[in-house]
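Report on one structure; see the data block that follows.
The values are calculated or read from the model by the stated rules, or taken from the named source; none is laboratory data. Everything numeric here is computed off the predicted structure, so don't read it as measured data. Note that we place each Cβ from the backbone using ideal geometry, even for glycine, and neighbour counts take in every protein chain shown.
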């Protein structure tokens, strides 16, 4: 199966398209020329956009930073779409994604043996 590559780019400090202040570490995520999302977790949020578009969960997903050929993250659409990053007491960690209305999103993922 052909992997999908998400390219992320930092948001410019004075982006006129933003209604709120950009803050540090916010990125736009692209698949080729297609803009997917704007997020603090662009790989995971981009995977949720792809999953909602019907991309099979077992599709390999790669992430790189704009201007670099280095692959920074590797997963599948299903596994990445099911996660988010939580901060709080202790280090940042991956947790199960829940929508803003509090409902847990059940995204099929494929476990790799």
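Annotations for the structure displayed:
- Residue count, the range 90-113 (criterion: in contact with a strand residue (DSSP E or B) (Cβ under 8 Å, 6 or more places away or on another chain) and at pLDDT 60 or above): 7
- Residue ranges of strands (runs of 3 or more DSSP E) in the range 19-89 with at least 2 members at pLDDT 95 or above and within 12 Å of residue 6 (Cα to Cα): 27-31, 34-39, 60-65, 71-76
- Top-ranked residue in the range 35-55 [being out of contact with any strand residue (DSSP E or B) (no Cβ under 9 Å at 6 or more places or on another chain) and more than 17 Å from residue 97 (Cα to Cα); ranked as surrounded by the most Cβ atoms within 10 Å (Cβ to Cβ)]: 53
- Of all residues making up the range 52-65, the number that are touching a residue at least 40 places away in the same chain (Cβ under 8 Å) and closer than 15 Å to residue 37 by Cβ: 3
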